[in-house]
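For reference, the structure is listed below as structure tokens.
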Amino acid sequence: MAGGEVTFSLAYVVLSVCFVFPPSEVQGAGLTVQNLLSAWLGSQDRDFVRYHIRRTTATLLLHALLPLGYYIGMCFAAPEKQLHRLVHLPDGWRLFLMLAVAFPTIAGTLAFYWSRNKWANHPLARTIALFALPPNGWQSVATSINTEFRRIDKFATGAPGARVIVTDTWVMKVTTYHVHIAQQQDIHLTVTDSQQHELSPDSNLPVQFLTISVASVHPYVKAFDIRNWSLVS
């Protein structure tokens, strides 16, 4: 690899990793999907469900574009490779370009399907619909979730990519591409893993990390894990 090609590749990989898994410095600079598309996403305090429907969809689309962005960047970083001449591409670059185009195409098709019927096909809307009582639809359950999320007595903890939110009725885990949700009265909590570390960064007491499985009695609601920590006295 030429010097410019190596420099661009390393820089793009670092920027892509920071964009997909943003550290606190990147979040503080506002280089996240939430900040870049804040005008379209709206506020999660006003409409928690619709906000995360849009956020997960936008995140999937933008992340799917990263390989194509790398290929386009390489066209300028390494002009001697003549990557813009598609007919004469080496087999390796031809395969990479096919995948780089396929990822956003699949993601775009999926996003279009999700958006149909006022986002009723989105995984979050479909999960919420499981809790709706006839003749109400998923929107009525979404309204209830939005109302409880706006209350100040909710509990929220965890990093942005694995944030756990507990309201009066719901237990939710917000991840990069998905929002897991279960109704408190229908769940079983099981400790699946326990790890103890000698020192906490904030104190001299040992810290115990617990992985708890949240399983709903509803057969179509997928179980999910939450991780919590506590000081061991």
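For the set L95, L61, the ranking by accessible area, highest first and with no ligand, DNA or RNA atoms included, is L95, L61 under a 1.4 Å probe. Per residue, the chain exposes 60 Å² of accessible surface when a 1.4 Å probe is rolled over the protein heavy atoms with every protein chain present. Against the compact-protein benchmark of 2.2 N^0.38 Å, the Cα-based radius of gyration of the range 75-233 scales to 1.49. Heavy-atom accessible surface of D225, to the nearest 10 Å², is about 70 Å², with a 1.4 Å probe and all protein chains retained. With 0.36 nm allotted per residue and the present C-alpha distance subtracted, the C18-F112 stretch has 31.1 nm of extension available. Karplus-derived 3J(HN,Hα) values for the range 121-134, using 6.51 cos²θ - 1.76 cosθ + 1.60 with θ = phi - 60°, are 8, 5, x, 5, 5, 5, 5, 4, 4, 5, 9, 7, 9, x Hz; glycine and proline are entered as x. Counting only residues at least eight positions apart within a chain, or on another chain, the aspartates and glutamates with an alpha carbon under 19 Å from that of K81 are E5, D91. Let me make sure I get this right: for the range 2-116, a, b and c are the square roots of the gyration tensor eigenvalues over alpha carbons, sorted descending. Under 1.5 in a/c it's rounded, otherwise prolate if a/b > b/c, else oblate. Which is it? Note, shape of the range 2-116 comes out oblate.
Among Y220, Y12, the sequence by solvent-accessible area, most first, with a 1.4 Å probe is Y220, Y12. Over the range 2-116, with every protein chain in place, what whole percent of the accessible area is carbon and sulfur at 1.4 Å, could you tell me? Solvent-exposed carbon and sulfur of the range 2-116 make up 70 percent of the total.
The values are calculated or read from the model by the stated rules, or taken from the named source; none is laboratory data. Keep in mind that what you see is a predicted model, and the values were worked out from it rather than measured. Side chains included, ligands, DNA and RNA excluded: accessible areas come from the protein's heavy atoms. Shrake-Rupley method; radii C 1.70, N 1.55, O 1.52, S 1.80 Å.
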